[in-house]
Amino acid sequence: MTEIEILKAIPYRNAPHWWEWEIPVYLFLGGIAGGLLLLAALRALVDPDGPRSGPFRHAGGIALVLLSLGMLALWFDLEKRWQAYRFYLAFRPAAPM
């Protein structure tokens with residue numbers, strides 16, 4: 001067997017690409033928002049009375065905008081987009097997620 005034939009025989013090596021652009025955008029924006037909030041919280045813990053620069057002063061608003069854009073990208077990925085509201089309305093206290 002040649003090297004190409006061996007690589008083709010490995011399971012999932014030639015699996016189709018499953019994610020479109022929406023999921024990486026959602027994950028990226030969520031990570032940026034989380035990192036921004038973490039840095040702002042650390043800054044507030046280190047020097048609570050110190051002056052705030054622009055990004056730290058508006059960290060909550062910036063993170064909210066980034067998370068909203070990420071959730072919009074995630075909504076674009078849904079197959080049945082107009083049924084997504086049912087997920088938010090279904091409250092089950094015993095559910096693990």
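The values are calculated or read from the model by the stated rules, or taken from the named source; none is laboratory data. In this text, all values refer to a predicted model and were calculated from it rather than measured experimentally. Neighbour counts run over all protein chains shown; Cβ positions are idealised from the backbone, glycine included. The area values use the complete protein model at the heavy-atom level, side chains included, leaving out ligands, DNA and RNA. Shrake-Rupley method; radii C 1.70, N 1.55, O 1.52, S 1.80 Å.
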Checklist entry - Say the dipole of region 31-96 comes from +1 at the beta carbon of Lys and Arg and -1 at that of Asp and Glu; which of Tyr85, Ala40, Leu69 then lies farthest toward its positive end? => result Tyr85
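Quantify, in whole percent, the carbon and sulfur part of the accessible surface of region 32-97 (1.4 Å probe; protein heavy atoms only).
With neighbouring chains kept in place, the figure for region 32-97 is 70 percent.
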Checklist entry - Given the Cα-Cα distance of Leu72 and Glu20 and 0.36 nm per residue of separation, how much length would full extension add, in nm? => result 17.3 nm
Item to check | For region 16-85, accessible area per residue (1.4 Å probe, heavy atoms of protein chains only), Å² | outcome: 76
Checklist outcome for this item: Heavy-atom accessible area of Phe76, protein chains in place, probe 1.4 angstrom, given in Å² to nearest 10, is 80
Checklist entry - Can you give the alpha-carbon Rg of region 28-97 over 2.2 N^0.38 Å, where N counts its residues? => result 1.49
Next on the checklist: At 1.4 Å probe size, what's the solvent-accessible area of Glu5? Round to the nearest 10 Å².
Outcome noted: 90
Checklist outcome for this item: So Ala94 and Arg81, fully extended at 0.36 nm per residue minus their Cα-Cα distance, gain in nm 2.1 nm
